[in-house]
2 protein chains.
Amino acid sequence: MVSASRLAAASTLITLATAQTFQRLGACPTLGCVFPPDQTDFLAGQYFDIRLEVHAPVNGSEANGGIPDPNFSFTIAKSGAVARPATTFFKVAEPSLEKWNFTWYEDLFAQDAKTPSVVRVTSKAYRRVALYEPGEYVATLNYYNGTKTIANWIVRPLQEQKKAKNVILFIGDGMTTNMITAARLIGHKSINGKYQTTMAMDKFPVLGHQMTHSLDSYITDSANSASALYSGHKSTVNAMGVYADSSEDPFDDPKVETIVELLTRIWGSAIGVVSTAQLADATPIALTGHTRLRSQYGALIDQALSGVKNYTWTPFAGPDVFFGGGAEQFYPGTDSWQGKDYYAEFAKAGYSISLNKTSLALAPNTSKALGVFSVTHLPVWLDRNVYPANLNKTTNDPSGNKAPALDLPGLKEMTLKAIDVLHARGGDSGFFMMSEGASIDKQMHVLDYDRALGDLLELDDTIKATIKHLTELGELDNTLIIVTADHGHGFDVFGSADTKYLSSASGDREKRNAIGNYVNSGLSQYTVTNASVSYNTGVNFPVNWDPRYTLAQGVGAAPDHRENYRVHKSGSRLPATNIDDEASDDYYVNPDDNTDGFIVNGTIATNEAQGVHSLTDVPVFAMGPCAASFAGVYSNIDVFFHMAECLGLARGSAAPGNLDKSNKSIVSASVQLVASGVEPVGRVQRGLVFGMMVFQLCIGWAFWGL
Amino acid sequence: MVSASRLAAASTLITLATAQTFQRLGACPTLGCVFPPDQTDFLAGQYFDIRLEVHAPVNGSEANGGIPDPNFSFTIAKSGAVARPATTFFKVAEPSLEKWNFTWYEDLFAQDAKTPSVVRVTSKAYRRVALYEPGEYVATLNYYNGTKTIANWIVRPLQEQKKAKNVILFIGDGMTTNMITAARLIGHKSINGKYQTTMAMDKFPVLGHQMTHSLDSYITDSANSASALYSGHKSTVNAMGVYADSSEDPFDDPKVETIVELLTRIWGSAIGVVSTAQLADATPIALTGHTRLRSQYGALIDQALSGVKNYTWTPFAGPDVFFGGGAEQFYPGTDSWQGKDYYAEFAKAGYSISLNKTSLALAPNTSKALGVFSVTHLPVWLDRNVYPANLNKTTNDPSGNKAPALDLPGLKEMTLKAIDVLHARGGDSGFFMMSEGASIDKQMHVLDYDRALGDLLELDDTIKATIKHLTELGELDNTLIIVTADHGHGFDVFGSADTKYLSSASGDREKRNAIGNYVNSGLSQYTVTNASVSYNTGVNFPVNWDPRYTLAQGVGAAPDHRENYRVHKSGSRLPATNIDDEASDDYYVNPDDNTDGFIVNGTIATNEAQGVHSLTDVPVFAMGPCAASFAGVYSNIDVFFHMAECLGLARGSAAPGNLDKSNKSIVSASVQLVASGVEPVGRVQRGLVFGMMVFQLCIGWAFWGL
């Protein structure tokens, strides 16, 4: 035990050390950690876990003797009421004490010198609790004989009434206002500054901006930001459906309930997940996933089908619709969970299985539907529609037979089919669908602006077709439609490039003189009819992807690369390559990319092969019931809260009636509940959970599947 | 005269040649030009000029013999009605024929080879007409014995009722969503991802996006975009209050009436213009200016005081409030119009004159008020508040005595004083004020991100203070407040920079490893209290402008430059310099800038010394009467139309009662009008105008002051 004065000194240092780029543990600036942390908002009745940690740094600027307090205590008080121990407050048994160590680097100098700081930890976790009464709460961790870490929690006002039958959430991954502006410019004709057509999202009546920063970093990744949109809780980069703790197990972190789990539990609505990404990718899988480590692809697919199994949690038996790429997590092999055949697992659970566009169209609307159309992410719109010869170079048949997948649906086909299934299966309970244009982000990462904007236009075309289809089904007025992004990239269009001049000029500086700014940007040549060019891609897409005068565009954050501002006809771009064979990454201009262009040296660390995400707020377009609540500027967690309010997902009590919409037997087993803010797990479940927790300390997450 | 078949062939070539970076004349893709061009929208009763041109290219890809048609004709038809000659339609005399030549380059190759294309022109201009009946019109230019250029015009639905007493239009010049996000990050504290305070603009209930592209280029400048916001008419880069014609005179281009002119004419409201820029700079001066050439600073200040004098036009006798920089157009000298003393001219017109913050505070609220506080643009917020020693290096006293201006108001002080004067002077007629944070743009141009964001925070602080002040005056509910930008820059924050590591690392690649992305971005250090740092700048500004961990930020479009991501303490940044003494500009990294940083080579032409504007849509925040009309996505011209609708500025007839709110005698002289869509100038005025026009052909704009 350390003395109080030493603690105070350590505390000052901690503030300095941890509120920087390198952090001991996100959302834990002091030596006592409460997750959910200070300033957390909750939906009334939303399930969550609580994780407490007490840190004892062994060395480094925070060193306090290295003996973590095993006797910490934890209380909760509703505003104005007496603080009660969490066991009393939630009517749960006291969890057993856990212990572990972890290391971190205080800064880049420490990282270079390989001098990690070691931290010893004592910890407890309270599993699956909920707060039902709106208002303010104070959660207090008492440790080191008088030190307190206080978390102020807010349960938002209660909205139990369902105002929208259906919610469709379109996510353009990485999509910013700059990109929408550029997509409009290349896809829509204008005359003397007046657009003759505009984007479908341009026509939405309500616009908002959401802030995408994460809990402990102002730049987010797609897991963390998706999780905020789906659960109302910001987390740490790479985490979804949990707050990241410091333990080694990526599946023991404190969970929060997602909109899909709430909707299944409370209304029994149909759930749809559609993405052009690998289905285990962050944006689709964060609807059902709970892990600190987004790269646990196989396990996350199992969670999507079977729900959380290592702790009592909201039962979940798979989405009604699950369409996308990522076959490597489905056919048996090294990338599927425990090597199992997940096509077979989904089929056993009653899913129709579609592996191409033809079978997708034929799948019955009344069954749950799995559609997996390629290994890894789906080929992008530009390759599917304009340069289809590139498809033949792939080995991405979803059977895993290394043949190219050629009978491919796009986001539009998947989304319209999803609506048919969800409409049939949801019935009066309605549905929730997330539909993602994933490669806007993925192609921006590799600076392939054309492919990114092509997929943005595909997303917009999908939105347009969705509105039409909902109208035909008589469901448009019942459906809240939201279009947003999870984060941005610093993409910008700043002029035009005369590619003929650029290509013919010699020298990097001379080539740059091909760039026209202001009046010399001229007008978009992508919409000029050219009799020699026809892609048959219909309206609202470029008429010509390869005009002489192209967009001069780029990003502020990139690896070394070379620009010639022309479309990459033979496939997606690879801007930088690791020229060494060394294990350490060190990226330079790809010698084979844009060979007639000029070099732009990078602005990010040389071990980054791609562009990176942006700080920027991203737009939110809304129409339908509750659309008005999406106006103005707000946090990404408010997208969840506004959807949850519109769907009436809050619950003011743990009455069994609130829990019986899911058809999983586990629910009735665990619902032996009491009133007033309490939602313990059933007795048998709890025993299992605690057994698991002890077990995990020794053997890690490999046994999670038990 | 050329044959019809030859014309057809030429026409094809024209389409290809002119719809590109280099254009013969914006908004004129064929050889016959109508300004206002096809697709123009009008406010009912808004004055405008019509310019017709017939082009005869002498050489180049469009060459048609080089003899322009002197016998062209022009008709107008309201939808469904018979086309009538413009003279009949508007009841005006036939203008005399004008002739001139001009040259242009078809592309960069032609420019390098110095082989211009010569065009001969015949032209006529109809001055100060208006369309009063809402609906669709077809304007047809007939030339070359059967060729037609058709302009479809729309007069928007009539809204004569005034719904807002006051309108305040805040413009953050060049301000994007990315910049607002960054300013929020450095100026507002957050705890675990939840902001404890937010920007004033974040709290506005309505959000929209406006598209900023210009008539003939997708990247605009500030003149053109300001003009669209103020008049509802997009134009060409560098133009304001006019469509750009091909004649040499920059003051004979066809004009459009601005919101300030309309409001003065129709309601007699008080007018305020406030900017941190030189008052003759595009954004403030486009409220009253009519020229193709924004660099006519002196003449534009004269126009602001006295209105348009070379043609009959809406009388204008100066704004009630005119606060900003740009003293060089006021004290007598080479930069003032005709060398005159405009302090004296404004004083003669009844203005109080303030040249510093102290006298500004003391100026009477009941008089018209001129405040000029520095030569050129005002020093930025960062220098005024954090690094004031930099002010002593200036020679910008508004007297022109080469001393530094030290008693400086900021945007907030100017704006609050402006409200007091406008409130007193506007009375029941209310007021319109444009208040501009100009150096957001100017500092982004030189990649001085800190100074740009400082001025963005100053703008936001001004908005906050304005709302408070309007509340105190009992005017908040009467006032439509809009916050927007005129265009963007491709600014982005993509991570953090450990400036200590960056500075100590050797080599450009090694330095880049100081950049942290995603989780290694960490949290903002600009809001961390540091006992050793205090600027006394109050809340909602950074606590520390020089933390070890700064924002890693930048733009996609820049000249060669060097980055170390630290604040520039000794004054605004100069990223690139012309290392040659040659007349031809050729910019390289400034050897004195960020000497411990790493080089980022440019992406724009090497004769550009600064970053450039962006394509991106920019945000519009609105509150107060009519705010709802600013939701969604629209063109920048719609900002004008929404304001005009809210102010009831449309007029369905030319009744004299619509013209008597201005106190200029010229109005009564010229109002000898007839009904039905017609608004001719008075007889005496017209004679003068025509005389002027002939005169101008010989001697150009130098005699404009007559």
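The values are calculated or read from the model by the stated rules, or taken from the named source; none is laboratory data. Note that the structure is predicted; figures quoted are calculated from it, not measured. Counting neighbours? That spans all protein chains shown, and the Cβs are built from the backbone with ideal geometry, glycine included. Surface areas here come from the heavy atoms of the whole protein model, side chains and all, with no ligands, DNA or RNA. Shrake-Rupley method; radii C 1.70, N 1.55, O 1.52, S 1.80 Å.
Details
- When the stretch B:546-582 is filtered for residues that are over 13 Å from B:TYR449 (Cβ atoms) and among the hydroxyl-bearing types (Ser, Thr, Tyr), the ones remaining, listed by number, are B:TYR549, B:SER570, B:THR577.
- Hits in the stretch B:187-201 - residues which are free of Cβ contacts under 8 Å to residues at least 24 places away in the same chain and at the interface with chain A (Cβ under 8 Å from one of its Cβ atoms): B:ILE191, B:ASN192, B:GLY193, B:LYS194, B:TYR195, B:THR198
- Single residue of the stretch A:474-498 satisfying the filter (small (Gly, Ala, Ser) and either touching a helix residue (DSSP H, G or I) at 6+ places or on another chain (Cβ under 6 Å) or open to solvent by less than 10 Å² (accessible area, probe 1.4 Å) (or both)) that is farthest from A:THR595 (Cα to Cα): A:ALA485
- Where A:GLN610 falls short, out of the listed (1) touching a helix residue (DSSP H, G or I) at 6+ places or on another chain (Cβ under 8 Å); (2) surrounded by fewer than 24 Cβ atoms within 10 Å (Cβ to Cβ); (3) not in a loop (DSSP other than H, G, I, E, B); (4) not charged (D, E, K, R): (3)
- Yes/no for B:LEU97 being among the hydrophobic types (A, V, I, L, M, F, W, C) and either in contact with a Cys (Cβ under 8 Å, 6 or more places away or on another chain) or not assigned by TED's automatic domain parsing to the domain that holds B:THR147 (or both): no
- In the stretch B:202-227, the residue that is farthest from A:ILE186 (Cα to Cα) out of those that are of a type in the set (A, V, I, L, M) and within 8 Å of another protein chain (Cβ to nearest Cβ) is B:VAL206.
- Across the stretch A:539-580, the qualifying residues are those that are touching a residue at least 60 places away in the same chain (Cβ under 8 Å) and surrounded by fewer than 17 Cβ atoms within 10 Å (Cβ to Cβ), and the one among them that is farthest from the other protein chains (Cβ to nearest Cβ) is A:SER570.
- Selection from the stretch B:111-126 of residues that are hydroxyl-bearing (Ser, Thr, Tyr) and either in contact with a helix residue (DSSP H, G or I) (Cβ under 8 Å, 6 or more places away or on another chain) or open to solvent by 30 Å² or more (accessible area, probe 1.4 Å) (or both): B:THR115, B:SER117, B:TYR126
- One residue from B:SER374, B:SER367 being assigned by TED's automatic domain parsing to the domain that holds B:ASP455, crowded, with 24+ Cβ neighbours inside 10 Å and not hydrophobic (A, V, I, L, M, F, W, C): B:SER374
- Test: residue in the stretch A:286-304 that is at positive phi, part of a loop (DSSP other than H, G, I, E, B) and open to solvent by 10 Å² or more (accessible area, probe 1.4 Å): no
- When residues in the stretch B:127-136 are screened for being in a strand (DSSP E or B), closer than 19 Å to B:VAL82 by Cβ and open to solvent by 10 Å² or more (accessible area, probe 1.4 Å), 2 of them pass.
- Only one of the listed residues (B:SER524, B:SER532) is out of contact with any Asp or Glu (no Cβ under 8 Å at 6 or more places or on another chain), surrounded by 24 or more Cβ atoms within 10 Å (Cβ to Cβ), part of a loop (DSSP other than H, G, I, E, B) and at pLDDT below 95. That residue is B:SER524.
- Of the criteria (1) buried (at least 24 other Cβ atoms within 10 Å of the Cβ); (2) under 24 Å from B:ALA228 (Cα atoms); (3) not basic (Lys, Arg), which one B:GLY652 fails: (1)
- B:ARG566 vs. criteria under 30 Å from the mean Cα position of the chain (by Cα) and either under 20 Å from B:VAL380 (Cα atoms) or at pLDDT 95 or above (or both): no
- B:VAL119 vs. criteria assigned to a strand (DSSP E or B) and closer than 19 Å to B:ALA631 by Cα: no
- Which numbered condition B:ASP173 fails, given (1) open to solvent by 10 Å² or more (accessible area, probe 1.4 Å); (2) more than 9 Å from chain A (Cβ to nearest Cβ): (1)
- Residue in the stretch A:460-467 that is surrounded by fewer than 22 Cβ atoms within 10 Å (Cβ to Cβ) and without any contact (Cβ under 8 Å) to a residue 12 or more places away in the chain present: no
- Inter-residue pairs, beta-carbon under 7 Å, first more than 13 Å from chain B (Cβ to nearest Cβ) and in the stretch A:27-52, second in a strand (DSSP E or B) and polar (S, T, N, Q), 6+ apart: A:GLY32/A:THR147; A:GLY32/A:THR149; A:ARG51/A:SER123; A:LEU52/A:SER123
- Selected residue (only one of A:THR283, A:THR276 is more than 20 Å from A:SER367 (Cα to Cα), at pLDDT 95 or above, part of a strand (DSSP E or B) and open to solvent by less than 10 Å² (accessible area, probe 1.4 Å)): A:THR276
- Which numbered condition B:TYR501 fails, given (1) open to solvent by less than 20 Å² (accessible area, probe 1.4 Å); (2) within 14 Å of chain A (Cβ to nearest Cβ); (3) over 21 Å from A:HIS613 (Cα atoms): (1)
- Test: residue in the stretch A:501-512 that is part of a strand (DSSP E or B) and within 30 Å of B:ASP586 (Cα to Cα): no
- Condition met for B:LYS442 (in contact (Cβ under 8 Å) with a residue 60 or more places away in the chain and closer than 16 Å to B:LEU473 by Cα): no
- Filter result for B:PHE630 (more than 8 Å from chain A (Cβ to nearest Cβ) and either within 23 Å of B:ILE440 (Cβ to Cβ) or surrounded by fewer than 19 Cβ atoms within 10 Å (Cβ to Cβ) (or both)): yes
- Criterion (without any contact (Cβ under 8 Å) to a residue 24 or more places away in the chain and either open to solvent by less than 10 Å² (accessible area, probe 1.4 Å) or not in a strand (DSSP E or B) (or both)) met by exactly one of A:ALA403, A:ALA424, A:ALA418: A:ALA403
- Residue, farthest from the other protein chains (Cβ to nearest Cβ), within the stretch B:594-607, restricted to residues that are farther than 29 Å from A:LEU185 by Cα and open to solvent by 10 Å² or more (accessible area, probe 1.4 Å): B:THR595
- The stretch B:177-186 - residue that is at the interface with chain A (Cβ under 8 Å from one of its Cβ atoms) and over 9 Å from B:LEU456 (Cβ atoms) and, of those, surrounded by the most Cβ atoms within 10 Å (Cβ to Cβ): B:ASN178
- Restricting attention to the stretch A:442-489, the residues that are closer than 19 Å to A:GLY187 by Cβ and in a helix (DSSP H, G or I) add up to 22.
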